[in-house]
Amino acid sequence: MKKLLIISLLLVMSVSLGLFAAGTSEQAADSKNKTVIEFWTWRPEDIEFYDAQIAKFEAENPDIDVVQTAHKNTEYNTILAASLSGGSGPDVFQGRAYGGLATFADSGFLEPLEQWMPELKNYSATALLGATSPTDGKIYGSPAVSQTVFMYYNKGVYEELGLSVPRTWDEMIRNFEAVERAGYVALGNGAKDGWTLETMLGGMGPAIYGGTDFYNAVINGEKNFLDPAFIDMVETMKSLSRYLPDMYVGIGYEDMRGNFINEIAPHLIAGSYEAAYFRAQNPDLDFGIFAVPGRKASDPAWVSVYADMNFAMNAGSEKKDAAVRFLKFLSSKEFGKAMVSELKMVTSVPGVDASSDAFISDVLALQKHATPYLFLVGFRYNQPTGSSLWQAAAQGVMAGTLSPREAAQQVQDGIASYYEPFQK
């Protein structure tokens, strides 16, 4: 009897092991049949969003696995460039627009996309401008979103103090002074990170230097950065330091966000990309937006607008077919709708009704007086870039080591070293 029991147990174990081995073998075979592609972004705050979107893509494409890696935005370009130049890097990645894209394209790191994605012809000319290399005129990115720079304000504080959205610069300053008297920091921005001072310029600068009229005059060489209107803008930016947090020169990006999220400061000059993060960090925060006004109520209230990111493909990828399928997913209306509803960003995908979200609707309303984001759109194609020149000069102004005119001269000299209209 014991022998029969032992034999039965051995048979059961044998069958079980066989089934397990078969299952393991099938899983291994499935794994071998899958193509794994690498996807990089510069937005660690959006990891969960992309994980959810990747899950949808993988459900529709069971033969492809997408591995997401998010790097800190200020370190992203350096890490990406090192990886691509070393012959590796991601298959698909978020690419900077304008000069950022052109630099990688001219280095041979990006795959031209027209042959892979003929649907790119349906995108707006403005969106494609940020995805096209001026060197060869080819499109190297699928436009993802545009961003707008303006003033965020705390609606609760405005209601508490009986304030209204300002229609002139002086009204805005009076609002700053009113919130200061109530114990708040008037404006939450800082000067530790140079790129946030370019954001500040994008938010308040056009109201002072004259928006698109000035931009066009500079691009055409009719004016330059020693123009009185630009120097006046730099002086005006410096005057805002009176309303910034104590030790503002040491206030970095995350500190700025914290000042607004935690309701320490009821105002913050920032981009439309911040809205989803603000809501995630403080769901009770009731905020609105306005364009920084000009000197007179009749002046246009400008907002700087720019193509922000493109989805690009590594020219050295050995998995281009799978990469293109993922790129097409990232360029679909469904993904564009998710960018609007979940990340609160203005999608570049054609045919998506971005106004369906209340915040995005407000952003689009401000774009009535949209102007190009001065240095990013116009002067990021050559070295030294207008952005790097401005960021360094602006830090000098805010720290008190450069006068506004010296800062303007520094920017002018740097750009004139290669920009022919400034050399006449």
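The values are calculated or read from the model by the stated rules, or taken from the named source; none is laboratory data. Please read these numbers as outputs of a predicted model, since none were measured by experiment. We place every Cβ from the backbone using ideal geometry, glycine too, and count neighbours over all the protein chains shown.
Here are the numbers:
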{"read-out": "Within region 90-105, considering residues that are part of a loop (DSSP other than H, G, I, E, B) and not acidic (Asp, Glu), the one nearest to Ile54 (Cα to Cα)", "value": "Pro90"}
{"read-out": "Pair list, Cβ < 6 Å and 6+ apart or interchain, from region 54-71 residues that are in the same structural domain as Ala323 (by TED's automatic domain parsing) to residues that are surrounded by fewer than 16 Cβ atoms within 10 Å (Cβ to Cβ)", "value": "Asp63/Lys34; Asp65/Lys34; Asp65/Val36; Ala70/Pro44; Ala70/Ile47; His71/Ile79"}
{"read-out": "Residue among Ala399, Ala394 that alone is in contact with a helix residue (DSSP H, G or I) (Cβ under 6 Å, 6 or more places away or on another chain), surrounded by fewer than 22 Cβ atoms within 10 Å (Cβ to Cβ) and under 21 Å from Gly205 (Cα atoms)", "value": "Ala399"}
{"read-out": "Thr78 being over 15 Å from the mean Cα position of the chain (by Cα), farther than 21 Å from Phe329 by Cβ, part of a helix (DSSP H, G or I) and among the β-branched types (Val, Ile, Thr)", "value": "yes"}
{"read-out": "Single unsatisfied condition, Ser355 versus (1) modelled with pLDDT of 95 or more; (2) under 18 Å from Val149 (Cα atoms); (3) assigned to a helix (DSSP H, G or I)", "value": "(1)"}
{"read-out": "Test result for Pro134, in a loop (DSSP other than H, G, I, E, B), touching a helix residue (DSSP H, G or I) at 6+ places or on another chain (Cβ under 9 Å), under 24 Å from Asp321 (Cβ atoms) and not assigned by TED's automatic domain parsing to the domain that holds Gln383", "value": "no"}
{"read-out": "Flag for Gly108 being outside any helix (DSSP H, G or I), modelled with pLDDT under 95 and surrounded by fewer than 20 Cβ atoms within 10 Å (Cβ to Cβ)", "value": "no"}
{"read-out": "Yes/no for Tyr381 being within 30 Å of Val249 (Cα to Cα) and part of a loop (DSSP other than H, G, I, E, B)", "value": "yes"}
{"read-out": "Single condition Gly87 does not satisfy, out of (1) in a helix (DSSP H, G or I); (2) in contact (Cβ under 8 Å) with a residue 12 or more places away in the chain", "value": "(1)"}
{"read-out": "Any pair with Cβ under 7 angstrom, 6 or more apart, that starts in region 220-237 at a residue that is assigned to a loop (DSSP other than H, G, I, E, B) and ends at one that is aliphatic (A, V, I, L, M) and surrounded by 15 or more Cβ atoms within 10 Å (Cβ to Cβ)", "value": "Lys223/Ala217; Asn224/Val218; Phe225/Ala408; Phe225/Val411; Leu226/Ala408"}
{"read-out": "Check on Asp299, more than 30 Å from Ile54 (Cβ to Cβ) and crowded, with 17+ Cβ neighbours inside 10 Å", "value": "yes"}
